[in-house]
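Trainee: Here's a structure for you.
The values are calculated or read from the model by the stated rules, or taken from the named source; none is laboratory data. Treat the numbers as computed from the prediction; the structure is a model and nothing was measured. All Cβ positions, even for glycine, are placed from backbone atoms using ideal geometry, and neighbour counts span all protein chains on display.
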Amino acid sequence: MRDDPSLDDWFRREGVPHLARDFDPREDVLTRLRPALLVLFVVGLALVLRPDWPPWSRAAAAAGALLAAFAGLGLANRLRGRAWTAPPERVGFVEAGVFVVVPAVADLAVGDGPVRAAGVLAGGAVVAGVLYVLISLGVVSVLVHTGRSALSALRDIASIAGRALVLLLAVLLFLFLAAEVWQTLGTIEGWRFVSVLLLFCVLAVLTLVVGLSGERRGLYRPRVDDELRGRAIATPAAGLVASGVTPRVERMSGIQRANVAVALHVGLVARVAVVGFITAVFFVGFGLLTVDRPTTEAWTGRTGDALHVLAEYDGLRGSVVLSEPLLRVSTLLGAFAALYFAVVAVSEAQNRREFIEDELERVRGVVAAWAYDRGAAASDAAPPPG
């Protein structure tokens, strides 16, 4: 009943490619990763080529790696029954593996040893795997949609932040001007700083995931009623509704549920991150105005090069200092503000409506269109009467 592929394309644009009827990981994921795989290939070669080599050696090594890549792609063409030099219409896992494996083979060929080659291979495989997951779950598409709807949602976010962060901002200002905070957060470096920052981020994401569990269950198994029909009419599935298709609500697979959950949460996480970023920028500006070099040295206990000053301006009435301790303190306070904003946004009814209603309604419309699409697929597969 549905011959128009526009509905499947719409699912992909909305960040739920796994709901498309003809989802193909080679077509929907790997083929779209061609630019990223090419960049990954070039970066892998850059790790192999040494800056101390003469130009002719680097050129020869790069040419050899390119020949190896073309040979691998040609072999993949022959295995698929195509000509050696035929350009790949679709990128499969074999073609993607060529871009990941060739830099490691080139590294092994130049004599760096199996340990370094294994590191190059593992790094390329991890990056390619992360990109595959992001594209497969529609994270990029959702972020593009979030960017388009950011202006319309900015007023609601500012309204919630205005109610939730007024008292918190006063507390954070007090903490920002406390020497103990600078002695702790301003001097934390390396993996400890990254761990604390990731801890705040993980807690904020878990807050959204746990707080919206009821909404997700409603998305996984929607009720067939007039609201479902009304939401489907506002989507490209309106033609199916008009033609009398009966929606079919069936159990989603695990990857489909994960795709729907990501489509709902990624945009909300982006909004929380915006609040944290704005808060961090505010404290950086506030610190430039209020915390000079002697104060920074007194609070952190570091002087000279150990203070890690990034930029400094000596004016007539004191110095303006941009230091690493200022960036660390501001970043961690911004991350804490983002966590607090996530908790407040999902814990009060009014905030929940203003914070998630537009994204939730968008995903509900996608699920409604999917229900009608499944109904059309069931009617196409049913045998004719008699």
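Trainee: For Gly230, work out the one condition from (1) outside any helix (DSSP H, G or I); (2) on the phi < 0 side of the Ramachandran plot it doesn't fulfil.
Mentor: It is condition (1) that Gly230 fails.
Trainee: Here is a follow-up. Residue check: is Val102 modelled with pLDDT under 70 and farther than 24 Å from Ala270 by Cα?
Mentor: In short, no.
Trainee: Checking Leu322 against (1) in a helix (DSSP H, G or I); (2) at pLDDT 85 or above, which test does it fail?
Mentor: Going through the list (1) in a helix (DSSP H, G or I); (2) at pLDDT 85 or above, Leu322 breaks only (1).
Trainee: Another one. Would you confirm whether any residue within the range 192-201 is at pLDDT below 90, assigned by TED's automatic domain parsing to the domain that holds Met252, β-branched (Val, Ile, Thr) and surrounded by 15 or more Cβ atoms within 10 Å (Cβ to Cβ)?
Mentor: No, the conditions are met nowhere in the range 192-201.
Trainee: Here's something else I'd like to know. Among Thr246, Thr235, which is the only one that is at negative phi, surrounded by fewer than 19 Cβ atoms within 10 Å (Cβ to Cβ), at pLDDT 85 or above and not in a helix (DSSP H, G or I)?
Mentor: Thr246
Trainee: Another question, if that's okay. Residue by residue through the range 172-181, note down the ones that are at pLDDT below 90, within 22 Å of Ala306 (Cβ to Cβ) and crowded, with 16+ Cβ neighbours inside 10 Å.
Mentor: Passing the criteria: only Val181.
Trainee: If I ask for residues that are of a type in the set (Phe, Trp, Tyr) and either within 19 Å of Ile188 (Cβ to Cβ) or buried (at least 23 other Cβ atoms within 10 Å of the Cβ) (or both), which ones from the range 294-339 would you list?
Mentor: Trp299, Phe336
Trainee: Since Arg251 meets every condition but one in (1) under 27 Å from Val139 (Cβ atoms); (2) touching a Lys or Arg at 6+ places or on another chain (Cβ under 9 Å); (3) buried (at least 21 other Cβ atoms within 10 Å of the Cβ), which condition does it not meet?
Mentor: That leaves (3) as the condition not met.
Trainee: Right, here's the next one. Among (1) buried (at least 20 other Cβ atoms within 10 Å of the Cβ); (2) closer than 23 Å to Arg13 by Cα, there is one condition Gly287 misses while meeting the rest; what is its number?
Mentor: Condition not satisfied by Gly287: (2).
Trainee: If you take the residues in the range 123-151 that are of a type outside the set (Gly, Ala, Ser) and at pLDDT below 70, which one is surrounded by the most Cβ atoms within 10 Å (Cβ to Cβ)?
Mentor: Per the criteria, the residue is Val142.
Trainee: Answer yes or no as to whether Arg257 is within 22 Å of the chain's Cα centre (by Cα) and of a type in the set (Lys, Arg).
Mentor: Yes: the conditions hold for Arg257.
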